[in-house]
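Undergrad: Before I ask anything, here is the structure I am working with.
The values are calculated or read from the model by the stated rules, or taken from the named source; none is laboratory data. Fair warning: this is a prediction, and the values are worked out from it, not measured in the lab. Positions of Cβ are generated from backbone atoms using ideal geometry, with glycine treated the same way; all protein chains shown enter the neighbour counts. Just the protein is used for accessible areas: all its heavy atoms, side chains included, with ligands, DNA and RNA removed. Shrake-Rupley method; radii C 1.70, N 1.55, O 1.52, S 1.80 Å.
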Amino acid sequence: MTDDRPIDFQRARSAEQRQARKDAILKAAAELLAEMPVSDISLRELSRRVGLSKTNVVRYFETREAVFFELLNRTFEEWLEDLPGDLATAAPSAPAAPVPPEAVADALARSLACRPLLCDLLSSLGTELERNISSEAVREFKLDNNRLQSRLASLLRQHATALTQPAARELVALAIVVTAGLWPFANPSPQVVEALEDPRLAHTRVDFAERLSRALRIAITGLLSLE
């Protein structure tokens, strides 16, 4: 998001300085998420990590949830910049051959699996983030997120050409919901990891990319059958 040069927090009068503070707050939030779940990150902890008072943080984001909302959309947008290259792996060897829908599902699942920050944030969206925040802030987040989802649908249609735009948008919505549900089970607590070492529970271990790919294959097949 930003480079690692120290930021002068004594003054933030220009637009560039204010943006630098926002970037620093988002960077600190991403670092904390690599260490603990969203539910354990307080505004006080976030303020301490970035080197600002809570009052100063609130000048840029009204609540900690607003911080993670913006981090989610920024991370989503960064993913979309890389996704065309990831989806290119689904292309057939023969240039004129159609791309099998299951290949698109596999490429999308692999791409998401490589982005734990995005998956973490998506899995926290309904349970953690859509609380303690004003309706205006939620509206702004959702409008921006809707724009990003439309971009994702258009990208998918470039490869899964049989999908209509409404079907592609539905596929995106399903991908987000399934990601949000699967990610916590694929990344359980240390206690659960230890319990799952029992051979009798081997079948309950969740391989995120594999399960997501299968769910997306089923979703694409179903959507195409309804066209």
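Undergrad: Determine whether residue 134 is hydroxyl-bearing (Ser, Thr, Tyr) and farther than 18 Å from residue 115 by Cα.
TA: The answer is yes for residue 134.
Undergrad: Within the range 170-181, identify whether any single residue is free of Cβ contacts under 8 Å to residues at least 24 places away in the same chain and more than 21 Å from residue 75 (Cβ to Cβ), and answer yes or no.
TA: Scanning the range 170-181, I find no residue that is free of Cβ contacts under 8 Å to residues at least 24 places away in the same chain and more than 21 Å from residue 75 (Cβ to Cβ), so the answer is no.
Undergrad: I would also like to ask the following. Checking the structure you have, find out if any residue of the range 47-54 is among the hydrophobic types (A, V, I, L, M, F, W, C) and farther than 19 Å from residue 156 by Cα.
TA: Yes.
Undergrad: Oh, and also: Limited to the range 176-209, what total is found for residues that are open to solvent by 50 Å² or more (accessible area, probe 1.4 Å) and within 26 Å of residue 145 (Cα to Cα)?
TA: Counting residues in the range 176-209 that are open to solvent by 50 Å² or more (accessible area, probe 1.4 Å) and within 26 Å of residue 145 (Cα to Cα) gives 4.
Undergrad: Would you say residue 103 is under 24 Å from residue 212 (Cα atoms) and at pLDDT 85 or above?
TA: Here the answer is yes, as residue 103 does meet what is asked.
Undergrad: Hey, another quick one. List every residue pair whose Cβ atoms sit under 6 Å apart, with the two residues 6 or more apart in sequence or on different chains, where the first one lies in the range 122-146 and is modelled with pLDDT under 85 and the second, anywhere, is open to solvent by 50 Å² or more (accessible area, probe 1.4 Å).
TA: If the second residue must be open to solvent by 50 Å² or more (accessible area, probe 1.4 Å), the pairs left are 128/39.
Undergrad: Now, a different point. So which residues in the range 128-175 are open to solvent by 40 Å² or more (accessible area, probe 1.4 Å), within 23 Å of residue 62 (Cα to Cα) and not in a helix (DSSP H, G or I)?
TA: Scanning the range 128-175 gives 130, 131, 132, 134.
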